[in-house]
Amino acid sequence: MSRTPHLRAAVVGTGHRAQLFTRALAARPGHRVAALCDPSPTRMAFHNRLLAEAGEPAAAQWEPEHFADLLAKEGIDEVVVTTVDAEHDRYIVPALKAGCRVVTEKPMTVDADRCARILDTVGSTGNSLTVAFNYRFNPVHETVRALLADGAIGEVLSVHFEWLLDTRHGADYFRRWHREKHLSGGLMVHKSSHHFDLVNWWLADEPQDVFGYGRLGFYGREAGERHGLRRDYTRAHGADPADDDPFALDLAADDTLRALYLDAERDDGYVRDRNVFDGPVTIEDDMALLVRHARGATMTYHLTAYSPWEGYRVMFNGSGGRLELEVEESRWQAPLTGIASAGGAVHGDTAAEHAGGARLTLRPLWQPPVDVPLVTAHEAHGGGDPRMLDALFGPVDPGTGPVREDAGAATHPTATERDGALALGVGLAANRCFETGRPVRVRDLIPGAW
């Protein structure tokens, strides 16, 4: 009896987020994780244990320096890139040149030169690159897109997007490599690219001009001392002042974090539990933008990374009315210490503890407001993760069909390299504005996207 052929996959970067892809590929027929690539043998061994739990054979473990050999010797068909953002192009480009299908975590990369290198390679090879923007697959966001596309408020003239990270989730970006802009691009690139892509997708439009201000006003040594929040330690593990610090992360208290990071420090020296009120921190924690899109709609955008509650509000103003979305992912957080500072509910689950739910209100001109019924999901990112994985790799059980009967290219469009470049362009333009105080044209930063 012939066996079902498998696409041989390589997962590059085996940190916490990579678990999503390792488990997804292991669970789906037609895919097999054949290779892992990471500086840490300890982290790769953790992912091989995940494969063993799924009844899958162990994957070969490779160091990043030998990635080209990995592609050839392991017969790789598809590559999933989920490593440090500044390293994405290091793997995307050779994988595309080798003829592999490539999926990369957002953001696609962190600067204009790396972006140009990726776009040039896609153009010269004709191979496929997909950026894993999971917010497109959240059913609430799909409802918003459908209403706008159907003309529920007429022509969209302006958008206001307010996003708040609470002091549990938001603080975590200031403990790890994300707090160094040369590695992550800052929150405008690493996190807000989610929202910039979402607005581009909602409006079916392209960003054109950006202006904004950003500052580090809450985290970092100077602000921590100014606000009386700083404790005197460099990293939490083994530091007495961190014992009752609500901003400290106890890696040893969680089996997964201990295995992926504390036990792996001997491999590459990466410290996952740095003091959020210590240096160096080179990213901002409070940012305000004004973005103009090609067809004239403007977006005001504000990110706060130190809020008492977590979620987002999006308001669309149109020629025929207004559409208002509010999602409370966490209404408040108790001042817990240790692992609770980074743990808690699955991000985006609006039914979790302290969550306030999602509300969508349509306010047409000359008519009473209407509360729009919503389908909400309780998996990660409001159900975006599992639906995205189905779109990328097929359903776990092919006999069950697609996630929804109407799921297809129009309903579940995966993001291309151009989508990734346009979302990145807004974040890079924002960073340039923070430095210069002058407006920036996205096309001037990312000319290859047009």
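The values are calculated or read from the model by the stated rules, or taken from the named source; none is laboratory data. Being a predicted model, the structure only gives us computed values, none of them experimental. Here the Cβ is made from the backbone with ideal geometry for all residues, glycine too, and neighbour counts use every protein chain on show. The protein model used for the area step is the full one, side chains on, heavy atoms only, and it has no ligands, DNA or RNA in it. Shrake-Rupley method; radii C 1.70, N 1.55, O 1.52, S 1.80 Å.
For segment 237-249, filtering for residues that are open to solvent by 50 Å² or more (accessible area, probe 1.4 Å) and modelled with pLDDT of 95 or more leaves 4. Only one of these conditions is not met by Ala112: (1) surrounded by 18 or more Cβ atoms within 10 Å (Cβ to Cβ); (2) touching a strand residue (DSSP E or B) at 6+ places or on another chain (Cβ under 7 Å); (3) aliphatic (A, V, I, L, M). Which number is it? Of the numbered conditions (1) surrounded by 18 or more Cβ atoms within 10 Å (Cβ to Cβ); (2) touching a strand residue (DSSP E or B) at 6+ places or on another chain (Cβ under 7 Å); (3) aliphatic (A, V, I, L, M), the odd one out for Ala112 is (2).
Please verify whether Leu119 is over 21 Å from Met188 (Cα atoms), in contact with a helix residue (DSSP H, G or I) (Cβ under 8 Å, 6 or more places away or on another chain), open to solvent by less than 40 Å² (accessible area, probe 1.4 Å) and modelled with pLDDT of 95 or more, treating the condition exactly as stated. No. Exactly one residue out of Tyr312, Tyr261, Tyr301, Tyr270 is modelled with pLDDT of 95 or more, part of a helix (DSSP H, G or I) and on the phi < 0 side of the Ramachandran plot, and it is Tyr261.
Tallying residues that are at pLDDT 95 or above, over 24 Å from the mean Cα position of the chain (by Cα) and outside any helix (DSSP H, G or I) within segment 402-439 yields 3.
Tally time: how many residues in segment 181-190 are open to solvent by 10 Å² or more (accessible area, probe 1.4 Å) and either under 18 Å from Thr82 (Cβ atoms) or polar (S, T, N, Q) (or both)? Number satisfying all stated conditions: 2. Scanning segment 244-291 for residues that are of a type outside the set (A, V, I, L, M, F, W, C), touching a Phe, Trp or Tyr at 6+ places or on another chain (Cβ under 9 Å) and within 30 Å of Cys37 (Cβ to Cβ) turns up Thr256, Tyr261, Asp263, Tyr270, Arg272, Asp273, Arg274. Scanning segment 360-397 for residues that are at positive phi and either at pLDDT 95 or above or assigned to a loop (DSSP other than H, G, I, E, B) (or both) returns Trp366, Gly394.
Of the helices (runs of 4 or more DSSP H) entirely within segment 1-109, none holds at least 2 residues that are open to solvent by 20 Å² or more (accessible area, probe 1.4 Å) and in contact with a Pro (Cβ under 8 Å, 6 or more places away or on another chain).
Selection of first residues in segment 202-223 that are closer than 26 Å to Leu148 by Cα and of a type outside the set (Val, Ile, Thr) and of second residues that are open to solvent by less than 30 Å² (accessible area, probe 1.4 Å) and part of a loop (DSSP other than H, G, I, E, B), restricted to Cβ pairs under 7 Å at least 6 apart or on distinct chains, gives the following pairs, ordered by first then second residue: Leu203/Ala297; Asp205/Ala297. Only residues that are under 20 Å from Leu164 (Cβ atoms) and aliphatic (A, V, I, L, M) were counted across segment 203-253, and they come to 3. Checked against (1) open to solvent by less than 40 Å² (accessible area, probe 1.4 Å); (2) under 20 Å from the mean Cα position of the chain (by Cα), Arg313 passes all but a single condition, namely (1).
Which ones in segment 262-308 are crowded, with 17+ Cβ neighbours inside 10 Å, in contact with a His (Cβ under 8 Å, 6 or more places away or on another chain) and of a type in the set (Ser, Thr, Tyr)? Matches in segment 262-308: Tyr301 only. Reported count of residues in segment 201-236, each being surrounded by 16 or more Cβ atoms within 10 Å (Cβ to Cβ), assigned to a loop (DSSP other than H, G, I, E, B) and not basic (Lys, Arg), is 10.
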